[in-house]
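Just below is one structure, and these are the notes that go with it.
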Amino acid sequence: MLRFGILGAGRIGKVHARTIAASGKAKVAYLADALPKAASDLAAEVGATVASVEDIIKAKDVDAILIATPTPFHAEQIEAGSNAGKAVLCEKPVSLSVARIEDCLKTVEKNKTTLMIGFNRRFDPNFASLEKRLRQGVIGTIELATIISRDPAPPPAEYVKSSGGIFRDMMIHDLDLARFLVGEEFVTVNALGAALVDKKIGDEGDCDTAAVQMQTASGKIAVITNSRRAAYGYDQRIEVHGSKGMLRAGNIHNTTVEVATAEGFHEDPILHFFTERYGQAYSNEVLAFIDAVTNGKSVSPSGHDGLQAQKLADAATQSWQTGKPVKVA
């Protein structure tokens, strides 16, 4: 049974810890958090022991480290886990700096560490099914991918100070998803952005409404739109158009019940936010990691995937700031 040390007992740390504890294939051996009560409460729930980050990483009875700490700690903790011979599952991003990610991945490569980055949307059953059908050639050659992602409400303006901005914080999930679906690297990025939801976000140098166009060397196009506000819930949609047709994955509603009256057709609201919408994706992600480590399989998304998504997020940020398309190496 795989033994985990979890670094971070916040919202995502809790989701992952509960999945591991319920899996029957792994257990949470240790937990660490900057807030002692958060660590002790979650440890009691999943049958783990509270310890320091340093002690967890060097513990001989820990096989894998799950990193759910704030972003500034990720690269350092990945390197420490790698040097200690642990497999690592880290929430995105590895770092807000491409150069720092590249240095971190050198350590991972040198130690031949299993490193998986938490782009959970790849594991959503609907999106994964769509991607599988793309690989099977159901719609022929991919020509155009459209990804829509809108949060129900914006974060506090103070949050953007350390988030890296909408392209690195929010859209990075969609940038990874575009690579996952299209199956090629994007070489040109063109971005637009504005603060239409909260002027304070604009005052902090960020935008809350954004659109990106990207193109691969072969000509395939991806269009991504993001908003920090959607009055109707957490809007998550994908459409991929190809030479033989189109694949689409829509929103998930609270129920599938539809009411038809003289006033028209009515459905229940869509799921409110990411913990509800992507609950199964988070679970599938952790179970895939457990399977890979237990059975010696390669993992995806890898550290390289994390690096490429960050390069695209940087390019989008630069394009928005300069008003010009940006070439991506």
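Do we find that Ala39 is part of a loop (DSSP other than H, G, I, E, B) and either surrounded by fewer than 21 Cβ atoms within 10 Å (Cβ to Cβ) or at pLDDT 95 or above (or both) in this structure? No: the conditions fail for Ala39. The residues in segment 77-92 that are more than 19 Å from Ala288 (Cα to Cα) and either over 19 Å from the mean Cα position of the chain (by Cα) or in a loop (DSSP other than H, G, I, E, B) (or both) can be counted, and the count is 7. One residue stands out in segment 77-96 among those that are polar (S, T, N, Q) and either touching a residue at least 60 places away in the same chain (Cβ under 8 Å) or touching a strand residue (DSSP E or B) at 6+ places or on another chain (Cβ under 8 Å) (or both): the one that is surrounded by the fewest Cβ atoms within 10 Å (Cβ to Cβ), namely Gln77.
Taking Ser300 as meeting all but one of (1) assigned to a helix (DSSP H, G or I); (2) closer than 27 Å to Ala99 by Cα; (3) in contact with a Phe, Trp or Tyr (Cβ under 9 Å, 6 or more places away or on another chain), write down the number of the exception. The single condition Ser300 does not satisfy is (1).
Once segment 284-306 is narrowed to residues that are buried (at least 19 other Cβ atoms within 10 Å of the Cβ) and within 13 Å of the chain's Cα centre (by Cα), the residue that is farthest from Leu192 (Cα to Cα) is Val286. Within segment 195-249, the residues that satisfy the criterion of being within 27 Å of Glu185 (Cβ to Cβ) and touching a Gly at 6+ places or on another chain (Cβ under 8 Å) are Asp206, Cys207, Thr209, Ala210, Ala211, Arg237, Gly242, Ser243, Lys244, Gly245. In segment 149-177, the residues that are farther than 14 Å from Arg121 by Cα reach residues that are part of a helix (DSSP H, G or I) and among the β-branched types (Val, Ile, Thr) with C-beta atoms within less than 6 angstrom, at least six apart or across chains, in these pairs: Ala157/Ile201; Val160/Ile201; Gly165/Thr317; Phe167/Thr317. Taking segment 59-75 as the range and being surrounded by fewer than 16 Cβ atoms within 10 Å (Cβ to Cβ) and more than 19 Å from the chain's Cα centre (by Cα) as the test, the residues that pass are Lys60, Asp61.
Suppose we filter Ala329, Ala260 for residues that are over 25 Å from Arg179 (Cα atoms) and surrounded by fewer than 13 Cβ atoms within 10 Å (Cβ to Cβ); which single one remains?
Going through Ala329, Ala260 in turn, just one is over 25 Å from Arg179 (Cα atoms) and surrounded by fewer than 13 Cβ atoms within 10 Å (Cβ to Cβ): Ala260.
Of the residues that sit in segment 3-36 and are of a type in the set (Ser, Thr, Tyr) and not in a strand (DSSP E or B), which one is nearest to Val293 (Cα to Cα)? This residue is Ser23. Of the listed requirements (1) over 25 Å from Lys92 (Cα atoms); (2) assigned to a strand (DSSP E or B), Ile238 misses just one: (1). Sub-9 Å Cβ pairs linking a first residue in segment 22-48 that is free of Cβ contacts under 8 Å to residues at least 24 places away in the same chain and at negative phi to a second residue that is surrounded by fewer than 16 Cβ atoms within 10 Å (Cβ to Cβ) and among the basic types (Lys, Arg), at least 6 apart or interchain, number zero.
The values are calculated or read from the model by the stated rules, or taken from the named source; none is laboratory data. Since this is a predicted model, take the numbers as computed values, not measurements. Every residue, glycine as well, gets a Cβ built from its backbone with ideal geometry; the counts of neighbours run over all protein chains shown.
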